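Here's the structure, in structure tokens; my notes come after.
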Amino acid sequence: MATAPVQVPSPRVAVVDDHELLAHSAAYALRAHGIEAHVVEVSTLAAIEADLFRIQPQIVLLDLHLGALGLSTPLISSMHAAGIEVVVLTGETDRAVWGACIEAGAAALVEKRLSFDELVDRLRRIVAGDAAIAPFERLDLLATLSERRRYEHARLEQFVRLTAREAEVLQGLVRGKSAEE
């Protein structure tokens with residue numbers, strides 16, 4: 001006797017992207033696949049967070065770079081803490097940045113070049129409880145982030161050891177003053 005496929009409830013998804021056309025297109029594609037999708041206006045991080053808590057999605061499809069607001073990683077942490085799965089949508093290729101998203105609590109990263117059908121399939125699998133990202137990939141991204149932090153620490157260490165006067169002189173040089181000034 002054949003068993004029927006497992007029915008997965010349709011998730012409520014919130015789409016947060018500073019490119020309005022992309023956000024509405026993604027929401028439209030999700031709705032066409034029977035997924036309840038809401039577009040959240042990008043104004044301030046606090047307003048986005050308030051809208052997300054009002055909508056109460058199971059999944060947030062979150063653009064990594066929110067234009068003038070910068071990186072969306074602070075939203076990842078608060079959504080993850082609220083039990084909302086965060087899927088970061090990005091064109092970013094820096095794996096250390098991806099690692100920062102995973103560290104903040106993102107369930108997965110999806111490249112913007114992915115088709116809408118692939119995106120829908122990925123979201124459905126996350127709702128069904130499948131691992132959004134392979135454990136080895138998660139560890140690799142976190143290791144890349146850790147290595148980047150070690151490199152940055154070593155690179156900036158010499159500036160941390162400057163005396164107050166040396167730091168003042170360096171700031172003047174950066175602002176365009178001559179060494180004599």
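Just a few scattered comments:
- So Val97, is it under 18 Å from Val127 (Cβ atoms) and either open to solvent by 50 Å² or more (accessible area, probe 1.4 Å) or out of contact with any Asp or Glu (no Cβ under 6 Å at 6 or more places or on another chain) (or both): no
- Verdict on Ala82 being surrounded by fewer than 20 Cβ atoms within 10 Å (Cβ to Cβ), under 28 Å from Thr144 (Cβ atoms) and more than 15 Å from the chain's Cα centre (by Cα): yes
- Residues satisfying the stated conditions in the stretch 24-74, i.e. under 22 Å from Arg124 (Cα atoms), open to solvent by less than 50 Å² (accessible area, probe 1.4 Å) and part of a helix (DSSP H, G or I): Ser25, Ala26, Ala27, Ala29, Leu30, Leu52, Ile55
- Residues within the stretch 111-129 that are in contact (Cβ under 8 Å) with a residue 24 or more places away in the chain and open to solvent by less than 70 Å² (accessible area, probe 1.4 Å), tallied: 7
- Criterion applied to Ala106, Ala132, Ala143 was being open to solvent by less than 70 Å² (accessible area, probe 1.4 Å), at pLDDT 85 or above and under 25 Å from His19 (Cα atoms), and the one residue passing it is Ala106.
- Test: residue in the stretch 111-132 that is touching a Cys at 6+ places or on another chain (Cβ under 8 Å) and part of a helix (DSSP H, G or I): no
- The residue that is modelled with the lowest pLDDT, among those in the stretch 64-100 that are of a type in the set (D, E, K, R) and touching a strand residue (DSSP E or B) at 6+ places or on another chain (Cβ under 9 Å), is Glu92.
The values are calculated or read from the model by the stated rules, or taken from the named source; none is laboratory data. Quick caveat, the model's predicted, so the values are computed rather than measured. Please note: Cβ atoms are built from the backbone with ideal geometry, for glycine as well, and neighbour counts cover all protein chains shown. Quick note on the areas: whole protein, heavy atoms, side chains included, nothing else; ligands and nucleic acids left out. Shrake-Rupley method; radii C 1.70, N 1.55, O 1.52, S 1.80 Å.
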